[in-house]
Structure formats: structure tokens, C-alpha cells
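Enquirer: Below is the structure I would like to discuss, written out as C-alpha cells.
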Amino acid sequence: MTQCDPLDSWPEFIESVRNRLEQGREAYRDEAFTRPPEELAREIEQELFDVCGWAFILWCRIAAIRLECPNCAYKAFRTDRRAKRIGSRGRGQVIGAPGASSEVRGNSKRKGSRNEHRAIRILEAAGYACTRAAASLGTFDIVAISGQGVRLVQVKSNRPPCPAEREAIELFPVPPGTSKEIWIFQDRQRMPVIRTV
């Protein structure tokens, strides 16, 4: 019986890290290399919270699938693939149309990040513990948890989600007591418009 050495995957891991660094360079133009170390430490802390939040989301999705249909792993796989296709189409429409400059996309990304942090401050003031899914890599930008329940929040700037994004949010399975919300921050408005899906 042949055993694989886990370290054989090391070059693939390094390549994945390099690709993420290149994406960061494109989005932020190497600004991280000049930021103070304490800012980087805070960013790492936020990313670790994100990992915990995504683990919770995955756990919720698995729990919901088990409740709905204990023997339907194939159905769950197909639903996940459909939501992913819908989500990627939606993100393609959102993150800048073809021909849009990287500077415009970068400004939109920074505005989106600022509004996500604004939403977190509002939720934390209301007693929620929050984690942020940076870089819009999932259906929701923020997971907020308190004794009142769980809130999954998609943050938008100046516009509602496109139809494909909204469908992905609607298809996202959640356990009882979980709220799926869209927060729209308009320019020069202090509070967002909040819509429950």
C-alpha cells in the first residue's frame, strides 16, 4: 500500500499563497508592506475571526441539510454548485464591468470594506459578536451572533444586489433563528437601509 507524503503538497500550497499575494498586490498595490506591524496584527486577528465565522457557516449549512434530508448528500452537492455558479455570475457583474479600470474597482472595494466595518460597528453596538468575510468571497459579508440569534449580512453600497446575488442569498440554507439580511449604505447617509430576505 502506497502512502502519500503530505509534504508533497507543499509546492502547491506555496503557489496558492503566491496567487493570493498577487491578488492582494493588484487590489492594494503593496500597501501592506508599508503598514505598521500593529495594523497587520489586527488584520490577521480579523482574518482568524473570518475563518471561525466560515467554519460556523459551514456547520450551519451541514446542520440544515441534515435536518431537511439526512440521506441526500448528492442533492446538497448540487445545491452548493448551483449557488456557487449563481454567486460567481453575480460577483462578475458587481466587481466592475468589462473594461472598468482597476483603480475604479479598487475604490469600490475600499468603499465596500469601509461599509462592512460600519455595519460591524452598528451590530457590535447592538450586542452582537461579528466576523467579516473579507474580499467578498462568500454569499454574506458579515456573520453576527448574539443571544438574540444569528444574522447573516450582505453589505452593499448605493444599490441592491443584482438578481443573481439575491437568488444566491435566497437559496442559502440556514437553521431556525437565523436572519438573512441585505444592508444598503447610501452615500452621505448615516444608517443603512436594511432588508430581510
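The values are calculated or read from the model by the stated rules, or taken from the named source; none is laboratory data. Just so we're clear, the structure is a prediction, and the values are computed from it rather than from any experiment. Every residue, glycine among them, receives a Cβ derived from its backbone with ideal geometry; neighbour counts consider all protein chains shown.
Enquirer: Can you name the condition, by its number, that GLU47 falls short on among (1) of a type in the set (Asp, Glu); (2) surrounded by 11 or more Cβ atoms within 10 Å (Cβ to Cβ); (3) more than 18 Å from the chain's Cα centre (by Cα)?
Expert: Failing condition for GLU47: (3).
Enquirer: I've got another one for you. I'm trying to understand the selection: among the residues of region 169-197, which are hydrophobic (A, V, I, L, M, F, W, C) and surrounded by 19 or more Cβ atoms within 10 Å (Cβ to Cβ)?
Expert: ILE169, PHE172, ILE182, TRP183, PHE185, listed by residue number.
Enquirer: Looking at GLY90, GLY138, GLY99 in this structure, which one is under 13 Å from the mean Cα position of the chain (by Cα), at pLDDT below 90 and not in a strand (DSSP E or B)?
Expert: GLY138
Enquirer: Next question. Do we have any residue at all in region 116-127 that's at pLDDT 90 or above, crowded, with 20+ Cβ neighbours inside 10 Å and in a strand (DSSP E or B)?
Expert: Within region 116-127 (the criterion being at pLDDT 90 or above, crowded, with 20+ Cβ neighbours inside 10 Å and in a strand (DSSP E or B)), the answer is no, since none of the residues qualifies.
Enquirer: I'd like to check something: does region 161-168 contain any residue that is among the acidic types (Asp, Glu), surrounded by fewer than 20 Cβ atoms within 10 Å (Cβ to Cβ), modelled with pLDDT of 85 or more and part of a helix (DSSP H, G or I)?
Expert: Within region 161-168, one or more residues are among the acidic types (Asp, Glu), surrounded by fewer than 20 Cβ atoms within 10 Å (Cβ to Cβ), modelled with pLDDT of 85 or more and part of a helix (DSSP H, G or I).
Enquirer: Looking at (1) at pLDDT 85 or above; (2) on the phi > 0 side of the Ramachandran plot; (3) among the basic types (Lys, Arg), which is the only condition ARG18 fails?
Expert: (2)
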